[in-house]
Amino acid sequence: MATALITGPTAGIGRAFADKLAREGYDLVLVSRDEARLKEVAGEIGREYGVGCEVLAADLTDRADLLRVEERFRSGPVEVLVNNAGFGQKKAFWANPVEAEEKQLDLLVRVVLRLTHAAVLPMIERGSGAVINVSSVAGFLQRGSYSAHKSWVTNFSAGLAIELHAKGVAVMALCPGFVHTEFHERMGMDKTVVPSFMWLDATRLVDDAWKDLMRGKAISIPSRRYKLLTAAARYTPRTLIARLSTVGLDGRRRT
């Protein structure tokens, strides 16, 4: 049976991917810091779908833990990697401790780079495999360091998709907007500042993303509303985007 490795699988988009891939018949390797919650999720998925669920507790911003996860790609075939782990900062860049910003950079950029590298090497040897890097529509805007990191993820994935297509390996950046997950609660965000029509359902998001992967898309932008938003962002003057981006994710204007 094929195996998929998912980071951040205990809730939200990551959990939706775990359920989706289990329904598709994949055994799972679940990676997160919270071992107790990982075991709970693994038990639920195993009972519901009858697939194997390996628990790999790791803090991906810790180099030793990250190396343990990289080693997993060498110890047995992993056909699908979903790089989903991440977090955001509620405050503006200058209002956060530099250590917090550096940790976000590590998780959103360095971890994606290293795990993708570890995954694609054996995939190239086998001539098959897929990597889904969860990015964000924020990467199409100018919204501080988080947007910068996600812009890197999108461009990195799209470029790699072109390079690896002929080798039988698919790479795709998934760029969601606001999704009903724990992500925003962990930031302390007031979700009521975002109109209800802008929120997406994680399960439908993942179903659509999987279809896009099967179609060979390098970038998946879920829903018509976010496709329109990202298209508009490409043609909107940077000065206007910069003014709009002074409103933080908590709905308050940054100064």
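The values are calculated or read from the model by the stated rules, or taken from the named source; none is laboratory data. Keep in mind it's a predicted model, so treat the numbers as computed, not measured. A quick note on method: Cβ atoms are made from the backbone with ideal geometry, for glycine too, and the neighbour counts reach across all protein chains shown. All accessible areas refer to the heavy atoms of the entire protein, side chains included, with ligands and DNA or RNA removed. Shrake-Rupley method; radii C 1.70, N 1.55, O 1.52, S 1.80 Å.
Here are the numbers:
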read-out: Options 138, 119, 64; residue that is free of Cβ contacts under 8 Å to residues at least 24 places away in the same chain and crowded, with 21+ Cβ neighbours inside 10 Å; value: 138
read-out: Test set (1) surrounded by 22 or more Cβ atoms within 10 Å (Cβ to Cβ); (2) at pLDDT below 95 - residue 95 fails condition number; value: (1)
read-out: Odd one out for residue 177, checked against (1) small (Gly, Ala, Ser); (2) modelled with pLDDT under 95; (3) touching a helix residue (DSSP H, G or I) at 6+ places or on another chain (Cβ under 9 Å); (4) surrounded by fewer than 18 Cβ atoms within 10 Å (Cβ to Cβ); value: (4)
read-out: Which listed residue is modelled with pLDDT of 55 or more and under 14 Å from the mean Cα position of the chain (by Cα), from 152, 199; value: 152
read-out: Meets criteria (of a type in the set (Asp, Glu), within 25 Å of residue 175 (Cα to Cα) and either surrounded by 20 or more Cβ atoms within 10 Å (Cβ to Cβ) or touching a helix residue (DSSP H, G or I) at 6+ places or on another chain (Cβ under 6 Å) (or both)) for residue 59; value: yes
read-out: Residue that is farthest from residue 28 (Cα to Cα), among those in segment 67-83 that are open to solvent by 30 Å² or more (accessible area, probe 1.4 Å) and not acidic (Asp, Glu); value: 67
read-out: Qualifying residue in segment 27-42 (condition: loosely packed, with under 15 Cβ neighbours inside 10 Å and under 24 Å from residue 220 (Cβ atoms)); value: no
read-out: Filter result (crowded, with 21+ Cβ neighbours inside 10 Å and within 14 Å of residue 219 (Cβ to Cβ)) within segment 141-159; value: 150, 153, 154, 157
